[in-house]
Number of protein chains: 2
Amino acid sequence: MFKSAASVERLSNRLARLPGIGRKSAARLAFHILKLSKEEAFELADTIREVKEKVGFCSICFNISESDPCQICTDSNRQHQTICVVEETPDAAALDKAEGFNALFHILGGRLSPLDGIGPDDLRIKELLHRINGDVTEIVIATNPNVEGEATAIYLSKLIRPLGIKVTRIARGLPVGSDLEFADSATLSRALEGRQEF
Amino acid sequence: MFKSAASVERLSNRLARLPGIGRKSAARLAFHILKLSKEEAFELADTIREVKEKVGFCSICFNISESDPCQICTDSNRQHQTICVVEETPDAAALDKAEGFNALFHILGGRLSPLDGIGPDDLRIKELLHRINGDVTEIVIATNPNVEGEATAIYLSKLIRPLGIKVTRIARGLPVGSDLEFADSATLSRALEGRQEF
């Protein structure tokens, strides 16, 4: 696209490989980066390097972290009796913003998906079972509310319940602020099933 | 968002400042970069640095370029009698992909926009007039087909026509592959006005 500057072309191609960025957005971003001040552009380049140099995984919960164990696992203000199981790191980051929730996390690293060849051994399930000791009283399964996420949740609950530990699943229902009228029937069924007394 | 890794948080914040990337996309991109191999991530960081280190402007046409004059201005296979005037570099890059067009370019660096305080002196108009010598026979004005772009085009044509040079404007009409039914009335008026004999 930018024949007159091979390095801009190269940057644009590299950006287009990122998820959700098409060829045109990539060209626009490359051109924007070109117009940034040298300091700003170098800062961006350096933060990318820094992330790869500093960040690893927590050996307990497998969350991304600059230290091992991570800040969450070592936080004494958290409820160490509850472990919230999620598919990926961004899920934990999202849940951690929910008010009034203060548990530990466990990142599975995916979900059961036989069609993609992902079985129980490809997820960090053994590591989760290993964490369940005398202190843990509840496992909250917060995999995504879709087919694979539900299958993973059911698989985990069958595995953990025999250990005598409470296993819960996050509620599925109407999103706050949404319109009943436009909700799909599967969500409405779940909302009715999960109704609670005032 | 990623409390457990400050550098990921920093990268995410930095990415969110790019145009068209919101907080959520930025977090998703940061997480993707984290999952890239070290080589791939460093390559991305290095191309960003490279762009700022290598790329400057051509002193003739003001296109971005790694050499001065740029590859386009020094290309002897191009029609040096025709100069196509555009607002910004990406416009030239887009036009350069059009088949059968092989002219030189001139990047104005914006468009006349009194409301934003951008007058003729803020654009590279003097430099354009300077390029019009005995060899140049046609100036194609390819500013954007919106209010400011049209105003800039009219301003330039009034300036250049007295010099005895052909001044043309790119056609405005229905985009190829579009639906007449859904076209706006301004575009339809232009398409009718600009009709041509078979």
| message | Using a 1.4 Å probe and counting only protein heavy atoms, how much accessible surface gets buried when B and A come together, both sides summed, in Å² to the nearest 100? | response | 5300 Å²
| task | Please work through chain B and write down the cysteines that have no neighbouring cysteine Cβ at a distance under 4.7 Å. | result | B:Cys61, B:Cys73, B:Cys84
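Roughly how many Å² is the accessible area per residue of the stretch B:6-54, as a whole number, for a 1.4 Å probe?
Each residue of the stretch B:6-54 exposes 46 Å² on average to a 1.4 Å probe.
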| request: Mind listing the long-range amide H neighbours of A:Ile118? Cut-off is under 5 Å, sequence gap 5 or more, other chains count too, H placed in the peptide plane at 1.01 Å from N. | output: A:Ser113
| Which value results for Rg/Rh of the protein assembly as shown when Rg is the Cα radius of gyration and Rh the Kirkwood radius based on the inverse mean 1/r? | 1.12
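Could you work out the relative contact order of chain A, using alpha carbon pairs under 8 angstrom and six or more residues apart, expressed as a whole percent?
The value is 12 percent.
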| Spatially close lysines, pair count over chain A: Cα under 23 Å, gap of eight or more or interchain | 8
| What nm distance separates the two modelled labels at B:Ala191 and A:Arg161, each placed 7 Å from Cα along Cα→Cβ? | 6.2 nm
| request: May I ask you to evaluate 6.51 cos²θ - 1.76 cosθ + 1.60, the Karplus curve with θ = phi - 60°, for each residue of the stretch B:115-124 and list the ³J(HN,Hα) values in order in whole Hz, giving x for glycine and proline? | output: 5, 8, x, 9, x, x, 6, 7, 9, 8
| ³J(HN,Hα) computed for each position of the stretch B:125-135 - Karplus, 6.51 cos²θ - 1.76 cosθ + 1.60, integer Hz, glycine/proline x | 7, 4, 5, 5, 4, 4, 7, 7, 10, x, 6
| remark: For the axis mapping B onto A, the chain B residue whose beta carbon sits nearest, plus its rounded distance in angstrom, comes out as B:Ala45, 2
| task | May I ask you to give the percent of accessible area on the stretch B:6-122 that is carbon plus sulfur, with a probe radius of 1.4 Å? | result | 50 percent
| said: If you take every DSSP beta bridge fully contained in chain B, what fraction is antiparallel? Give it as a percent rounded to 5. | reply: 20 percent
| note | Toy charge model, Lys and Arg Cβ at +1, Asp and Glu Cβ at -1: chain B dipole around Cα centroid in debye, rounded to 20, equals 640 debye
| Average beta carbon contacts from partner chains per residue of B:54-65, 10 Å cutoff | 3
| field | For A:Ile60, residues with placed amide H under 5 Å, excluding near neighbours | value | A:Cys70
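The values are calculated or read from the model by the stated rules, or taken from the named source; none is laboratory data. These numbers were taken from a predicted model, which means no experiment stands behind them. Ideal geometry is used to build each Cβ from the backbone, glycine not excepted, and the neighbour counts take in all protein chains shown. Ligands, DNA and RNA are stripped out before the accessible areas are found, and what is left, the full protein with its side chains, is counted by its heavy atoms. Shrake-Rupley method; radii C 1.70, N 1.55, O 1.52, S 1.80 Å.
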